[in-house]
Amino acid sequence: MTYKTSGHRYGVNGMVYVKTQSDYFTRPAYRVFLKTATLAREYRALNSAIELGLSVPEIVFFRENDGVTELVLKEILNGIPLNQYLSGSDSSAQKIEVVKNLALQIRRLHFRGWAHGALGNDHILVGPDGLVSLIDLEKMGWNASKCGTDLRRFWKRTQCLNHEQAACFRYWYGGSG
C-alpha cells in the first residue's frame, strides 16, 4: 500500500510517500534461498543510486519488523512525468536540456552496470528546475547484461521524444541509445 501524507510525522517539511508491505517478498537470483522484502530491495537500490550520483527521492525512514516493511520517501516537489513535461509549454531549449540530463543519468546508471528494470514515462519525473529524477527502483539491480533490455524498454515506453530530442538523448547517452 502506498499513500501520500504530510512529512511532519516523520520530521520533514513537505509531503512524503509512505509505502508499506506485509509478507511480500522476492527471491533475487543471487540470494535464491533467502527471501527479501520488495521494499527492502527498493531501499537498497535507492542507496545504490545515491552512491552513483543519481537524482532519486530522498529516503526519510525505513524499517523492517516481523514481516512488515515500511519505506517513506520525500515527494519530488512539483515533479511531473517526462511525457507531460515534454508536451508542456517550456521552450525547446529547456526540453533539450532535460533530455540531456535524463540521458546522462541513465548513462551513469548503465555504464556502472546497473539496470532500472522499469524505465518509462511514469518512472521519470521532471522537477520545475529541470532536474530529472528516477523513481520506483524496486526492480533496479546490478546486472550489466540487462542494460540493453533496460534501454529498449525505455524507447518502447517513452515515445514522447521528438526526433530532435531522441537524437539529443542518443548523443549524450553515448551514440547507440
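Residue by residue, what Karplus-based ³J(HN,Hα) values in Hz, rounded to whole numbers, does segment 53-70 have, using 6.51, -1.76 and 1.60 with θ = phi - 60° and x for Gly and Pro?
Per residue, the Karplus-derived 3J(HN,Hα) values read x, 7, 8, 9, x, 6, 7, 9, 7, 8, 8, 10, 7, 6, x, 9, 10, 10 Hz.
Compute the helix-to-body angle for 92-111: its Cα long axis versus the longest principal axis of the chain, expressed 0 to 90° and rounded to tens.
50 degrees
Calculated from DSSP H runs of 4 or more alone, at -39500 (n - 2.57) each and per residue, what is the 222 nm mean residue ellipticity of the chain, nearest 500?
-10500 deg cm²/dmol
List the residues whose amide H sits under 5 Å from the amide H of Val60, counting only those 5 or more places along or on another chain, with H placed 1.01 Å from N in the peptide plane.
Those lying under 5 Å, H to H, from Val60 are Val72, Leu73, Lys74.
Amide H of Leu54 versus every other amide H placed in the peptide plane: which residues, excluding those fewer than 5 positions away on the same chain, fall under 5 Å?
Amide H neighbours of Leu54, under 5 Å, 5+ apart: none.
Shape call for the chain from the C-alpha gyration tensor, a ≥ b ≥ c root eigenvalues: rounded (a/c under 1.5), prolate (a/b greater than b/c) or oblate?
Here the chain falls in the oblate category.
Classify segment 80-173 as rounded, prolate or oblate from the Cα gyration tensor: take a ≥ b ≥ c as the square roots of its eigenvalues, call it rounded if a/c is under 1.5, otherwise prolate when a/b beats b/c and oblate if not.
prolate
Explain nothing, just compute: Karplus ³J(HN,Hα) = 6.51 cos²θ - 1.76 cosθ + 1.60, θ = phi - 60°, for every residue of segment 75-83 in order, whole Hz, x for Gly and Pro.
Result, ordered by residue: 5, 7, 4, 6, x, 10, x, 3, 4 Hz.
Place a +1 charge on the Cβ of each Lys and Arg in segment 80-173 and a -1 charge on the Cβ of each Asp and Glu, then give the dipole magnitude about the Cα centre in debye, rounded to the nearest 20.
460 debye
With θ set to phi - 60°, apply the Karplus curve 6.51 cos²θ - 1.76 cosθ + 1.60 along segment 116-124 and write out the HN-Hα couplings as whole Hz, x wherever there is a Gly or Pro.
Once θ is set to phi - 60°, the couplings for segment 116-124 become 5, x, 7, 5, x, 3, 6, 10, 10 Hz.
The numbers here are math on the coordinates, done by the rules we state, and not lab data. Quantities reported herein were computed from a predicted structural model and do not represent experimental measurements. Cβ: placed from backbone, ideal geometry, glycine included. Neighbour counts: every protein chain shown.
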